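The values are calculated or read from the model by the stated rules, or taken from the named source; none is laboratory data. Computed from a predicted model, the values in this text were never measured in an experiment. Note that each Cβ is placed from the backbone with ideal geometry, even for glycine, and that neighbours are counted across all protein chains shown. Accessible surface areas use protein heavy atoms only, side chains included; no ligands, DNA or RNA. Shrake-Rupley method; radii C 1.70, N 1.55, O 1.52, S 1.80 Å.
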Amino acid sequence: MITTPDLWHHYGRTRATTDRTVPATFRWAWSQNTGPGAETLGDLTGLRVGDLGAGAARHAAHLATHHQPARVDAIDASAAQHAMATDLYAHLTPRLRLFHADAVAHLRQRPSTYDALYSVFGAVDFTDPRDLLPTAADALRPSGRLVFATLAHHLDGAPARPDVTHTDIPATTPHDEATTMRRWVLQERTWTTLLGEAGFTRINTDLLRADVQGTRTADALLVTATRPT
Ligand SMILES: C[S@@+](CC[C@H](N)C(=O)[O-])C[C@H]1O[C@@H](n2cnc3c(N)ncnc32)[C@H](O)[C@@H]1O
C-alpha cells in the first residue's frame with residue numbers, strides 16, 4: 001500500500017496546545033489586522049456553508065458560533081488537521097460538522113447543496129483549480145457564492161503566475177524531512193478566467209495588502225464569485 005506523508009502534520013500544532021478558543025473575529029489573511037471579515041460571505045443565517053481546507057476549523061467554528069448558519073461543514077484532507085479540529089471543536093456539533101475528506105471528492109457527492117463555500121489559503125490554494133472550481137460551482141445552489149483568500153504573490157516575493165501552473169513549495173513530513181507540495185499562486189486575471197470557465201459569474205477580486213510585517217506575511221487576493229441562477 002502506498003501512503004503519502006501528511007504534509008500538514010505540524011501546521012497549527014503549537015497554537016492548538018495554547019489556544020482552544022473559538023475566535024471572536026474572522027480574518028481572511030494572517031497578515032491582516034483590519035479589513036474585510038465574515039460579511040464578505042453575506043448573511044449566513046439559516047444557510048449551509050462549507051469550508052474547503054478548514055485546517056483546525058477555527059474559521060468554521062467562528063461562523064458556527066457567531067453567524068447562525070444552518071450548518072458549517074469543515075472539510076480537510078489532512079488526518080492531522082482533522083484530528084486537531086475534532087479535538088478543539090467537536091463540541092460545536094451539529095451546527096459545525098467536521099469532515100476528513102478531499103474537497104473535490106466531498107463536493108462531487110453533494111451537487112446543489114451549499115449556499116456558500118469558502119477557502120482561507122485552503123483547498124483552493126493546494127488543488128488543481130481545473131478540478132476544484134467546476135466541482136465547487138456544481139456543489140453550490142443557484143446564487144450560491146464561492147469566496148477565497150489566496151496568495152497575491154509567492155511567500156519568497158516571486159510574482160504570481162500568469163498561467164495555470166503550480167509551484168513546488170517547501171514542505172516538511174511528520175518526521176521533519178524536507179519535501180515539496182503543490183501550490184497554485186496565480187495572477188488575479190488568471191483566477192478570473194478560471195472561474196468564468198468553471199461557470200461562475202459576478203467575479204470580483206480585491207487585493208488585501210499585508211498590514212502586519214513578518215517573515216510569513218504576504219499580500220492576499222480576496223476573490224468572490226457566484227453560481228448563476
Ligand atoms: C494553509 S492550511 C489553511 C487552513 C485553514 N484554512 C486556516 O486558515 O488556518 C491549508 C489546508 O488546506 C488543506 N487542503 C489542501 N488541499 C485540500 C483538499 N484538496 N481537500 C481538503 N483539504 C485540503 C490542508 O490539509 C490544510 O489543512
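The residue pairs whose first member lies in segment 36-57 and is closer than 17 Å to ALA79 by Cβ and free of Cβ contacts under 8 Å to residues at least 12 places away in the same chain, whose second member is within 14 Å of the ligand (Cβ to nearest atom) and open to solvent by 20 Å² or more (accessible area, probe 1.4 Å), and whose beta carbons are closer than 6 Å, counting only pairs six or more residues apart or on different chains, do not exist in this structure.
What number of residues within segment 42-71 satisfy the criterion of being within 13 Å of the ligand (Cβ to nearest atom) and under 13 Å from the mean Cα position of the chain (by Cα)?
First pass over segment 42-71, keeping only residues within 13 Å of the ligand (Cβ to nearest atom): 50-63.
From what is left, the residues that are under 13 Å from the mean Cα position of the chain (by Cα) are 50-60.
Within segment 42-71, residues that are within 13 Å of the ligand (Cβ to nearest atom) and under 13 Å from the mean Cα position of the chain (by Cα) number 11.
Scanning segment 146-159 for residues that are within 27 Å of LEU41 (Cα to Cα) and open to solvent by 10 Å² or more (accessible area, probe 1.4 Å) yields ALA152, HIS153, HIS154, LEU155.
Matching residues to (1) under 20 Å from ALA123 (Cβ atoms); (2) of a type in the set (S, T, N, Q); (3) open to solvent by 50 Å² or more (accessible area, probe 1.4 Å):
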| residue | (1), (2), (3) |
| --- | --- |
| THR167 | yes, yes, no |
| THR179 | yes, yes, yes |
| LEU194 | yes, no, no |
| ALA198 | yes, no, no |
| THR201 | no, yes, yes |
| THR205 | yes, yes, no |
| ARG209 | no, no, yes |
| VAL212 | no, no, no |
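Could you list, in sequence order, all residues of segment 29-61 that are over 19 Å from ARG71 (Cβ atoms) and in a loop (DSSP other than H, G, I, E, B)? If you could, list the steps in order and put the result at the bottom.
From segment 29-61, those over 19 Å from ARG71 (Cβ atoms) are 29-37, 39-40; that's our starting set.
Matches in segment 29-61: ALA29, TRP30, SER31, GLN32, ASN33, THR34, GLY35, PRO36, GLY37.
Of the residues in segment 80-109, how many are of a type in the set (S, T, N, Q), within 14 Å of the ligand (Cβ to nearest atom) and under 27 Å from GLU39 (Cβ atoms)? Before the answer, list the steps.
Within segment 80-109, the subset of a type in the set (S, T, N, Q) is 81, 86, 93, 109.
Filter again for within 14 Å of the ligand (Cβ to nearest atom), leaving 81, 86, 109.
Add one more test, that the residue is under 27 Å from GLU39 (Cβ atoms), and what stays is 81.
Matching residues across segment 80-109 total 1.
Flag set for ASP163, criterion: more than 18 Å from GLN81 (Cα to Cα), in a loop (DSSP other than H, G, I, E, B) and over 17 Å from the mean Cα position of the chain (by Cα).
So, in segment 110-128, how many residues would count as being of a type outside the set (S, T, N, Q) and more than 6 Å from the ligand (Cβ to nearest atom)? Walk me through it before giving the result.
Filtering segment 110-128 down to residues of a type outside the set (S, T, N, Q) leaves 110-111, 114-118, 120-126, 128.
Filter once more, so that each one left must be more than 6 Å from the ligand (Cβ to nearest atom): 110-111, 114-118, 124-125, 128.
Qualifying residue count for the region: 10.
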